[in-house]
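Reading through the C-alpha cells given below for one structure.
Just so it is clear, none of the values below were taken in a lab; they were calculated from the coordinates. Since the model is a prediction, treat every value here as computed from it, not as a measurement. FYI the Cβ positions are ideal-geometry reconstructions off the backbone, even for glycines, and counts take in every protein chain you see.
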Amino acid sequence: MKDPPNKILKRATIAEEYRAKTLLKGPKRSSQINYGVLNASGEYVLRVDSDMTADVNVVKKYLELCKEGADAVVLPVLPRPSTCNNFWVNCRVLEQKMLIDDMINVAPRFIRRNVFLAVRGYDERIVAWEDYDPHNRSLNSGYKVALLQDSALPDSIPAWLLKIRFKRAKWIAGFYLFAPNPFSKESPYKGKRLLTGLLYCLSQIPVYWLAKKYADMVWVTNESDRWRFIDNRKLMPDRVIAVRGGVDTKTPVLIPEPK
C-alpha cells in the first residue's frame, strides 16, 4: 500500500531532524527496501515498518547475537493491545505468539548488510510475505539465523488462574518448543548468554507443570514434544495435538464440556 504524500513528508521531516538520509522509491516494499540497503553504508540492516516501533534495547540485543556469530536475527513482532485493544489486534497477537520459537514461518528484522546483498535481498516480484523469501534463502545458503527469545510465562499464569476460578472453563495451552538445555553442546547459549539460556530454560518449568496438570488440551509443534505432555491420568493422547503449519480450530470444539 502506498502511503499518502503528507505521511511521507512527515516521516522525512522527522528523519532529517536526526540527520538521517531519506530516499524515495517505488512502487512496493520489496523494491523500496532493496534500494535502501543498496544506498546504505552501515554494517547491519534493521527493518522497522511504518506501523511499528522498536523497543529501546532491541538493537543492543540484536548486536549481541551478531557478535556471537549470528548473521541475522528474528524477533516476534507483537502488537500493543494497550494502544488499540480490539478483536483483530488480539488475533494478530495470538498469531505472532504462535510463531515464537518458529524458525520457518518468520523473517529476520536485523541482518548483516553483506548477507542481505549476498542472497540478493527481496524478490521484487513478490508483494506480500516477501520477507519469508530472503529468510529461507539465507538458511539454505548456510547463514546463521538467531532467534531473540520471548518467554510465555506471563500468558500461562492468567490462564491457570481463570481455570482455577471457573471450573467449567477450557484451557487450551500452546507450548511451542522446549528451551534447550543451556549446558548441552548444541545449545545456542554460550559464553555471556549462558545465564540468559539458563533463566529461559528455568522459566519453562512452571509453564510445563501448569499446562500438564491443568490444561484441557495442549498444542505442540512436533511429535517428540507431544509425548512429553501425554499423561494417561490427565492428558490423554487425543488431547495433545501436534499442529504443523497452521492452527487446528476444529478439534477444540470436540472437547466435551466438564461435568
Student exercise, segment 153-254 dipole from Lys, Arg, Asp, Glu Cβ charges, in Debye to nearest 20: 280
Output the direction-averaged projected area (hull surface divided by four) of the convex hull of the alpha-carbon atoms of segment 153-254, in nm². 7.5
Cα-based Kirkwood hydrodynamic radius, segment 102-143, one decimal, Å: 10.5
With 30 Å as the limit, write out which pairs from 25/192; 61/185; 185/212; 28/144; 21/67; 163/192 have Cα-Cα distances beyond it, or answer none. 25/192; 163/192
Ranked highest first by average number of other Cβ atoms within 10 Å, how do 156-169, 12-25 line up? 156-169, 12-25
Show the residues, 5+ positions off or on another chain, whose built amide H is closer than 5 Å to the amide H of residue 146. 71, 72, 73, 74
Residue-by-residue Karplus 3J(HN,Hα) for segment 193-199, coefficients 6.51, -1.76, 1.60, Hz, glycine and proline x: 8, 4, 5, 4, x, 5, 5
Each residue of segment 217-224 in order: what ³J(HN,Hα) in whole Hz does its phi give by Karplus 6.51 cos²θ - 1.76 cosθ + 1.60, θ = phi - 60°, with x for Gly and Pro? 7, 10, 9, 10, 10, 7, 5, 5
